[in-house]
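Notes to accompany the following structure.
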Amino acid sequence: MNLDWEELRGHAREVRRRAYAPYSRYPVGAAALVDDGRIVVGCNVENAAYGVALCAECGLISSLVAEGGGRLIAFTCVNGNGEVIMPCGRCRQLLNEHGDADLLMDTPEGVWTLAQVLPQSFGPEDLSRVSGQGAVQPESLP
Ligand code: THU
């Protein structure tokens, strides 16, 4: 696939301007390409109760799911200077639920895969391996 990383980074740089980061003063913007061609974005949203802060990736994943879901194909996130940064460990786990092992990750050292930046990940299939513990889908909702 011909992926325009600069365009994807452009979306991340744009949304970082909307970040709410008055405490850390470290705005972050994230953007991802979805398998249906959509671009989803997110920015960090902090809180006076510091520990409640939401990373940019949390917003991105919420948008992905609220807008109909899909699998992530490529992901980037940037700091206030617009430089590519690595998602924190918790956010790699969030991405892991919605991207495959070959999800392309923009990193300061080039494009890596999700499996490379989150080796031996824990995921939904680990739950399924234990009988009766599989993920429940909301398809049965009225
Ligand atoms: N942050 C993100 O939004 N994503 C990351 O992957 C790393 C950290 C945010 C959280 C906090 O608002 C600020 O960056 C400083 O840690």
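The values are calculated or read from the model by the stated rules, or taken from the named source; none is laboratory data. It should be emphasised that the depicted structure is a prediction, and the values quoted were computed from it without experimental measurement. Here the Cβ positions follow ideal geometry from the backbone for every residue, glycine too, while neighbour counts run over all protein chains shown. All accessible areas refer to the heavy atoms of the entire protein, side chains included, with ligands and DNA or RNA removed. Shrake-Rupley method; radii C 1.70, N 1.55, O 1.52, S 1.80 Å.
Quick notes
Matching residues to (1) modelled with pLDDT of 90 or more; (2) touching an Asp or Glu at 6+ places or on another chain (Cβ under 8 Å):
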position: ASP106; (1), (2): yes, no
position: GLU109; (1), (2): yes, no
position: ALA115; (1), (2): yes, yes
position: ASP126; (1), (2): yes, no
position: GLY132; (1), (2): no, no
position: GLN137; (1), (2): no, no
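- Candidate set from the range 52-88 (those that are closer than 26 Å to PRO22 by Cβ and open to solvent by 70 Å² or more (accessible area, probe 1.4 Å)); member that is nearest to the chain's Cα centre (by Cα): SER62
Residue-by-condition table, conditions (1) within 24 Å of TRP5 (Cβ to Cβ); (2) not acidic (Asp, Glu):
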| residue | (1), (2) |
| --- | --- |
| GLU46 | no, no |
| GLU57 | yes, no |
| LEU60 | yes, yes |
| ALA66 | no, yes |
| ARG71 | yes, yes |
| ASN79 | yes, yes |
| VAL84 | yes, yes |
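- Candidate set: the range 89-108, residues that are of a type in the set (Asp, Glu) and more than 16 Å from the ligand (Cβ to nearest atom); chosen: the one least open to solvent (accessible area, probe 1.4 Å): ASP100
- All positions within the range 82-116 that are assigned to a strand (DSSP E or B), touching a residue at least 24 places away in the same chain (Cβ under 8 Å) and not β-branched (Val, Ile, Thr): GLY99, ASP100, LEU103, LEU104, MET105, ASP106
- Any hit, the range 71-78, residues being within 11 Å of the ligand (Cβ to nearest atom) and of a type in the set (Lys, Arg): no
- If the condition is being over 22 Å from ALA74 (Cβ atoms) and either in a strand (DSSP E or B) or open to solvent by 50 Å² or more (accessible area, probe 1.4 Å) (or both), then the range 30-48 contributes VAL45, ASN47, ALA48.
- ASP36 fulfils the conditions (1) in contact with a Phe, Trp or Tyr (Cβ under 7 Å, 6 or more places away or on another chain); (2) more than 9 Å from the ligand (Cβ to nearest atom) except for a single criterion, (1).
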